[in-house]
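Asker: Please read through the structure below; I'll follow up with questions.
Bear in mind that the values in this text are calculations on the coordinates, not laboratory data. The structure presented is a predicted model; accordingly, all values stated were derived computationally and were not measured. Here the Cβ positions follow ideal geometry from the backbone for every residue, glycine too, while neighbour counts run over all protein chains shown.
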Amino acid sequence: MDILYLMILCSVLLAVVFLIIFIVSARNGQFEDDESPAVRILLESEIIKEKPETEKKLDIPTEEKSD
């Protein structure tokens with residue numbers, strides 16, 4: 001019976017630790033923006049690289065990698 005009390009005490013202590021960690025992270029803003037990381041990849045457009053200044057002056061064509 002003593003082990004049951006010990007297990008209950010350990011589980012309650014573990015739950016309190018997780019609750020404290022959750023409250024601290026929520027106050028620090030960890031869970032403020034949970035939608036934009038999932039949608040950001042859908043909204044990003046293709047990044048266009050500009051030619052370096054020397055290539056602009058000399059009009060050297062650059063190769064673009066297409067994946």
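Asker: Calculate, in whole percent, how much of the Cα-Cα pair population of the range 1-48 lies beyond 16 Å. Could you put the intermediate results ahead of the total?
Answerer: On the way: 729 of 1128 pairs.
Counting pairs separated by more than 16 Å, the tail of P(r) holds 65 percent.
Asker: Here is a follow-up. Need one number: nm distance between label points at ILE20 and MET1, each 7 Å from Cα along Cα→Cβ, rounded to one decimal.
Answerer: Spacing of the two 7 Å Cα→Cβ label points: 3.1 nm.
Asker: Quote the charge dipole size of the range 1-48 about the Cα centre in Debye, to the nearest 20; the model charges only the Cβ of Lys and Arg (+1) and of Asp and Glu (-1).
Answerer: Details: 2 positive and 7 negative charges, 57 e Å.
Here the range 1-48 has a charge dipole of around 280 debye.
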